[in-house]
Each structure stands twice: as C-alpha cells, then as structure tokens.
1. Suppose every Lys and Arg Cβ carries +1 and every Asp and Glu Cβ carries -1, with no other charges. What dipole size does the chain come out with about its Cα centre, to the nearest 20 debye?
2. With a 10 Å cut-off between alpha carbons and a GNM built on the chain, which of Val94, Val63, Val104 moves the most?
3. Residue by residue, what Karplus-based ³J(HN,Hα) values in Hz, rounded to whole numbers, does region 9-19 have, using 6.51, -1.76 and 1.60 with θ = phi - 60° and x for Gly and Pro?
4. Give the cross-link partners of Lys117 among the aspartates and glutamates, using a straight C-alpha distance below 14 Å as the criterion and excluding same-chain residues fewer than 8 apart.
5. Quick one: 3J(HN,Hα) in Hz for region 72-89, Karplus 6.51/-1.76/1.60 with θ = phi - 60°, rounded, Gly and Pro as x.
6. Percent of accessible area on the chain owned by carbon and sulfur, 1.4 Å probe?
7. Which value, in Å², gives the accessible area per residue of the chain when a 1.4 Å probe is used on the protein heavy atoms?
8. So how do 5-17, 41-53 stack up, highest first, on mean other-Cβ count within 10 Å?
Amino acid sequence: MTEFVFGILNSIGFKHPLHTALTHLPMGLVMGALFFRAAALFTPMKHLAKTSYHCAAGALIFVFPTILLGYMDWQHRYDGEWEFLIGLKIVLAVVITIILALIVKLDEPENPQLDLKSFLYLAAVMTAVGL
C-alpha cells in the first residue's frame, strides 16, 4: 500500500515526505493545550480549560494519522531500516498517545486544578519536544 500511495504522489510530481507536514497538527495542539491550561489555572479565565481539553482531544485524534504517515515514510524512504532514532520516535509516539488518552479520559475541564491532570499536559509537551 505504501508504494501505491507514493507512486501516485510521485506521478503528479509530489516527492516530499507526508509525515513531516502532518506533525504540525498534533504538536501544535499539544503546545496550545498546555498554554490554555496554564492560562486557565493562573488567570481568572477558568473557561480556557475547555479550550485546553479540546486541544488535547484534537491532538489525540491527529496523532493516529501522523503515526501512520510516519510509518509509511519510514518504509518508503528508509526501507524500514531500524535505527536508534526510529525506535526512540516509536516509543515516544506511544507515550504521547497514552498521555493524550489519559488527559481526555481523566480531565475535568469544568473544574481546572493544579494537580496530576495538569502535569499530564506538561508531560505531553515534554514528549512532543522529544519527538
């Protein structure tokens, strides 16, 4: 399937990696989630916790196609050759997916507090930085 997709794209002149462009969605949403969470916690604008939660949920949605396209690019461009950095990216992709799922499952955006749930937002950003 990977070669089929890249064959079609190459036939129309698109020779760039797909994963690179899509990474901006979950990464930007993860960072936005932390900033909105901090604003909800440290300013009177508590309603921004909902925006933070929605950013985390959006990041969780977009992490799956990003991982898929990363896998496809790895297979197409590097023939699936195993390297340390690829392994690290796979581990961090799993970690950020779990963190985002925990945020979506556990967070209560109606009642933002400085607790473990807020730490998860920071952990998601730190994982994104590692990626």
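1. So the magnitude is around 340 debye.
2. Val94
3. So the J values, rounded to whole Hz, are 5, 5, 5, 9, x, 8, 10, 8, x, 8, 4.
4. Excluding near neighbours in sequence, the set is Asp107, Glu108.
5. Along region 72-89, the couplings run 5, 4, 4, 5, 6, 8, 10, 6, x, 5, 7, 9, 4, 5, 5, x, 4, 5 Hz.
6. Using a 1.4 Å probe with all protein chains present, the chain comes out at 74 percent carbon and sulfur.
7. Details: 7880 Å² over 131 residues.
Counting only protein heavy atoms, the per-residue value for the chain is 60 Å².
8. 41-53, 5-17
The values are calculated or read from the model by the stated rules, or taken from the named source; none is laboratory data. It should be emphasised that the depicted structure is a prediction, and the values quoted were computed from it without experimental measurement. Every residue, glycine as well, gets a Cβ built from its backbone with ideal geometry; the counts of neighbours run over all protein chains shown. Each accessible area value is taken on the protein alone, full model and side chains, heavy atoms only, with ligands, DNA and RNA left out. Shrake-Rupley method; radii C 1.70, N 1.55, O 1.52, S 1.80 Å.
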